[in-house]
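Written out below as structure tokens is the structure these notes cover.
The values are calculated or read from the model by the stated rules, or taken from the named source; none is laboratory data. Predicted model only: the values in this text are computed from it and were never measured. Cβ: placed from backbone, ideal geometry, glycine included. Neighbour counts: every protein chain shown.
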């Protein structure tokens, strides 16, 4: 069970890019409410070179203890790789932690509950160019295998991407909700063989 979620925030309390100065607040769910239990100041000194960046990141990860869920507005490059190799589940959200902590908890626990046998038959995505992926949901939507669209797409949507093209027979309701709440930009194209969704991350300005 997910007990703690680490969120990187700026001075205004909203999520910040991990390359910006800020602090990591570790939230713990206690009696149905999320409470901050510890705080770690974090500001990368890129001018000192990659060894120093790795040292700073390693110190921050050590301070997180057993927490293995990390949220920031954006995480990319070496920072994403280091977090991934350390076993973190990485999420990118814009806004106040109170707006997404419960959602992340539900999604993380949903993933943990999935049988390993289902994961073996998840359709593979194809990376057409750096950060751009294509995947088809039509087979699982028509087969009744028990595999869900969320199991296929969630790992991609939680990762570091620019664009995901999804071919499907119908738009999954949960994905419509994600786009409607502004987490992603989604464009719909009608094809002879179904629907193509083009999903991009919202750009925060």
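Annotations for the structure displayed:
- Residue within the stretch 182-205 that is closer than 19 Å to residue 110 by Cβ and modelled with pLDDT under 80 present: no
- Looking only at residues of the stretch 59-80 that are in a helix (DSSP H, G or I) and at pLDDT below 90, we find that the one that is nearest to the chain's Cα centre (by Cα) is 80.
- In this structure, residue 87 qualifies as at pLDDT 85 or above, out of contact with any strand residue (DSSP E or B) (no Cβ under 9 Å at 6 or more places or on another chain) and either in a helix (DSSP H, G or I) or assigned by TED's automatic domain parsing to the domain that holds residue 63 (or both).
- Restricting 39, 82 to residues that are touching a helix residue (DSSP H, G or I) at 6+ places or on another chain (Cβ under 7 Å), under 27 Å from residue 106 (Cα atoms) and without any contact (Cβ under 8 Å) to a residue 40 or more places away in the chain narrows the list to 82.
- Test: residue 104 is modelled with pLDDT of 75 or more, surrounded by 13 or more Cβ atoms within 10 Å (Cβ to Cβ) and assigned to a helix (DSSP H, G or I): yes
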